[in-house]
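The structure appears right after this line, and notes come after that.
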Amino acid sequence: DEDTYQVLINPGFEINPRIIQITGITNEMLVDGMALEPAMKGLIDFIGDSKIVAHNAEFDILWLITIAQKLKLALQENTVICTLKWAKASNEGRCSLGALTRKYKIGHANAHRALADSAATKELFFIYENLNASPRPEEPFSDYLQKANELVVPA
C-alpha cells in the first residue's frame, strides 16, 4: 500500500514562463492552489519519521529546511538517502534523473513534476538496492541542517 501527497501551491505571483515550460504548471492551475504554510504542514506530516529518498537531496532537503525554518515549522531528524549520490558512487556516466530513467527504462511521464519525479526516484532506489553495486548512502538529517544554516536566504 502506497500513499502520496501532492498539492499545488498558489505563490501569490505569476510564475516565470521558463517554469511553465519545464513543469507544465500554468498560472491558471495555481489560482486555486494552497497557501505555502498549510501545504508545508501537510508535507511535513506526510513525511513523519520516514526515511527521505530524493534525487539531488542537496537541493530538495535544503529547500525543505529553509522553507520550514522561514515558516517556523518543526522538522523531524529523518535519515536521507540521495539517489544522485548513489548513482555517482555506482560510477554511472550520466547521473541526472532523466538519464537514469532512460538507462533503466523507468517510466517518467510528466518529468519535473514532484509526484512523477518521486515515483521515478522510488524506482531508481529499488534498482540500486537490487544491484548492490555500492552501499546505500544514508545520511543524517543534521548534515543537511548544518548546510542549510550556512546558506544566506533573503527574508
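Here are the numbers for this structure:
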item	result
Matching residues in the stretch 75-114 - criterion: being closer than 20 Å to LYS51 by Cβ, small (Gly, Ala, Ser) and under 18 Å from the mean Cα position of the chain (by Cα)	ALA87, ALA114
Single residue of the stretch 37-66 satisfying the filter (β-branched (Val, Ile, Thr) and within 13 Å of the chain's Cα centre (by Cα)) that is nearest to ARG94 (Cα to Cα)	VAL53
Residue in the stretch 135-142 that is open to solvent by 20 Å² or more (accessible area, probe 1.4 Å), outside any loop (DSSP other than H, G, I, E, B) and not charged (D, E, K, R) present	yes
Residue in the stretch 27-34 that is under 19 Å from the mean Cα position of the chain (by Cα) and under 28 Å from ALA89 (Cα atoms) present	no
Scope the stretch 16-33; condition open to solvent by less than 60 Å² (accessible area, probe 1.4 Å), part of a loop (DSSP other than H, G, I, E, B) and over 27 Å from THR83 (Cβ atoms); matching residues	THR26, GLY33
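The values are calculated or read from the model by the stated rules, or taken from the named source; none is laboratory data. All figures in this text were calculated on a predicted structure; none of them were measured in a lab. Backbone-built Cβ (ideal geometry, glycine too); neighbour counts: all protein chains shown. Remember, those area values only see protein heavy atoms, side chains included, never the ligands or the DNA or RNA. Shrake-Rupley method; radii C 1.70, N 1.55, O 1.52, S 1.80 Å.
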